[in-house]
Amino acid sequence: MELIANINQAVNDFVWGVPMLVVLTLTGILLTLRNRGVQFLKFGHAMKNTAGKIFEKHSAGSGEVTPFEAVSTALAATVGTGNITGVTYAITIGGPGAVFWMWVAGLFGMATKYTEVLLSVKYRKRDKNGDWVGGPMYYIERGLKTKWLAVIFAAFGALAAFGIGSAVQAGSIADSIDAGIRTIFPGFKYDLSLPIGLVTAAVAAVVLIGGIKRIGSVTSKLVPFMSLIYIIACLAVIFANISALPGVLSDIVRGAFSPSAVTGGAVGISVRTCIVWGMRRGIFSNEAGLGSAPIAHAGTSEKDPVRQGFYGIFEVFADTFVICTLTALMLLCSGIPIPYGVEAGSDLNLAAISTVFGSGAGSIIIAVGITLFAASTILSWGLYGTRCFEYIFGEKSRIIYQVVFVGFVVLGAVADMQLVWDIADTLNGLMALPNLIGVIGLSKVAADMTGDYFKKQIKAKTRL
């Protein structure tokens, strides 16, 4: 086990290290240039056709979901515990300046996810059950004509889902509920891990068996609700300490290029550490370039790949520039001491929220936030893993995979799954390798489709 852990750590240092971060960033820059800065110059158009249409009624046929249900399923996976504990970890290890580099990763990540989603819809197909299926394995196979590379991606995705999308999330749910109960009732002696795991597994099984339509229906209601609760809590802390906001924003910008000027030289946070952890947590949170979200977007009822691609821009914006940013500002504005240079997690988020809501209510908010974020991640990654597994072994294998996936939910709630998490984290990063080859190889296809779309838009305006 120690040997496996050491090998995994070596691979993890590569897939989440500087070389991969450089490749992911350069890919985002390349796709930004090829698509003529679509996430910047056409940002208003993208928001108008995504966020601006959230409350419009859409119909979806058999085997498909509405565009909003598709993006909700993708957001359910990306908006997770990484938006709470991941951002906190980045700030304590990299200083406030890590937030700046998280924003940089998000800016170029918009172009990457836009391209991924566009390609997923273009190269998707109907399976034998009539469902739309797609994602990197399909645009690699059907676009690049490279089956073996598609299988590699699907294998990484199917295995990663057991950890990052199942066991680890269930563990987070059990831990957060347990911590909340013990904060409110200090004398509570019972271990609720197994009951929590069984209930979570049962809910996941019922939703997953219902297929993409049931997953989309649940996540389209869960994601706005859980996001709203967390956003309101963060804003309450920020507005209660609004006088600190200008100084915090200054620290974020100054700390991006001179961490020691903000955290103190004794901490020893270098510019390199600041950049690496800011971009690493940004990419890990919004998943741009990893190839997971396009699997959910493939199920959309939207026929135009470019229009669905705009939801990729919206997705990164909502994840990085709204929820992750609010987490960072809440933490830095709250006035609580930040232990720079020391690994920290949700305990700091709880301390920050407690400055306004008190420890009891703060514990409930954090417990509810982590529980909803983690539960939604389980549903989305259940879909991702199933799609990857059935791509390799056929649609009849679906139930086998889902039974094992649900089993990992129970295991994650009751057992120490640190090694499983570490391996899944590595596999999640490895998904980026075949995906980026596909995205870069098909970047001209995406660029041509983007150009044609906006030419049609100009012609339509001219007629009017």
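The values are calculated or read from the model by the stated rules, or taken from the named source; none is laboratory data. Small disclaimer: the values here were computed from a predicted structure and weren't measured. Every residue, glycine as well, gets a Cβ built from its backbone with ideal geometry; the counts of neighbours run over all protein chains shown. Protein only, heavy atoms only, side chains kept; ligands, DNA and RNA dropped before computing areas. Shrake-Rupley method; radii C 1.70, N 1.55, O 1.52, S 1.80 Å.
Numbers below:
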{"item": "Separation of alpha-carbon centers, the range 96-114 and the range 346-371, rounded to whole Å", "result": "27 Å"}
{"item": "For the range 6-150, the spread of Cα positions along each principal axis, largest first, Å", "result": "48, 40, 32"}
{"item": "Probe 1.4 Å - accessible area at E141, Å² to nearest ten", "result": "60 Å²"}
{"item": "Sequence-distant residues sharing a close amide H with V65 (under 5 Å, placed H)", "result": "T300, S301"}
{"item": "Phi to ³J(HN,Hα) by Karplus 6.51 cos²θ - 1.76 cosθ + 1.60 over the range 452-457, Hz, x for Gly, Pro", "result": "5, 4, 6, 5, 5, 5"}
{"item": "At q = 0.18 Å⁻¹, base-10 log of I(q)/I(0) for the range 335-448 (Debye sum, equal scatterers on each alpha carbon)", "result": "-1.09"}
{"item": "Straight-distance crosslink candidates among aspartates and glutamates, where the alpha carbon sits under 15 Å from K444 and sequence neighbours closer than 8 are dropped", "result": "E116, D452"}
{"item": "Given charges at Cβ of Lys, Arg, Asp, Glu: the chain dipole, positive-most of C324, T66, I336", "result": "T66"}
{"item": "Dipole magnitude of the range 153-254, debye to nearest 20 (Cβ charges: Lys/Arg +1, Asp/Glu -1, about Cα centre)", "result": "260 debye"}
{"item": "Å² of accessible area per residue within the chain, as computed with a 1.4 Å probe and no ligands counted", "result": "40 Å²"}
{"item": "Using θ = phi - 60° and Karplus 6.51 cos²θ - 1.76 cosθ + 1.60, couplings along the range 423-435 (whole Hz; Gly, Pro as x)", "result": "5, 5, 4, 5, 4, 4, x, 5, 4, 5, 4, x, 5"}
{"item": "Computed lengthening from I392 to L41, 0.36 nm per intervening residue step minus Cα-Cα distance", "result": "122.4 nm"}
{"item": "Given charges at beta-carbon only (K, R positive; D, E negative), |dipole| of the range 111-207 in Debye", "result": "580 debye"}
{"item": "Rounded percent of accessible protein surface that carbon and sulfur make up, the chain, 1.4 Å probe", "result": "67 percent"}
{"item": "The range 18-42-the range 289-339 distance, computed between alpha-carbon centres (Å)", "result": "16 Å"}
{"item": "Value in Å of the Kirkwood radius, where the range 158-202 supplies the Cα pairs that are averaged", "result": "11.4 Å"}
{"item": "Fully extended contour minus Cα-Cα distance, from I209 to D416, at 0.36 nm per residue", "result": "71.8 nm"}
{"item": "Pairwise centroid distance, computed over Cα atoms, of the range 219-267 with the range 380-443, Å", "result": "32 Å"}
{"item": "Calculated [θ] (222 nm, deg cm²/dmol) that DSSP helices of n ≥ 4 give over the chain, each run adding -39,500 (n - 2.57)", "result": "-24500 deg cm²/dmol"}
{"item": "Table column - 3J(HN,Hα) (Hz), the range 33-44, Karplus curve with 6.51, -1.76, 1.60, x for Gly and Pro", "result": "5, 5, 9, 6, x, 4, 6, 9, 6, 10, 4, x"}
{"item": "Residue among P186, P19, Q308 farthest towards the positive dipole end of the chain, charges placed on Cβ", "result": "Q308"}
{"item": "Nonlocal Lys pairs with alpha-carbon distance under 19 Å, the range 40-197 (8 or more apart, or different chains)", "result": "9"}
{"item": "Projected label distance in nm at R254 and I458, using a 7 Å step from Cα toward the beta-carbon", "result": "4.6 nm"}
{"item": "Solution diffusion estimate, µm²/s, Stokes-Einstein, the range 136-228, Kirkwood Rh from C-alpha pairs, 20 °C, viscosity 1.002 mPa s", "result": "132 µm²/s"}
{"item": "Taking the chain and dividing mean pair separation by its residue count, relative contact order in percent (alpha carbons under 8 Å, at least six apart)", "result": "37 percent"}
{"item": "Test item: Cα-centred dipole of the chain, Lys/Arg +1 and Asp/Glu -1 on Cβ, debye", "result": "2040 debye"}
{"item": "Computed P(r) (all Cα pairs; the chain; 20 Å bins; percent)", "result": "26, 59, 15, 0"}
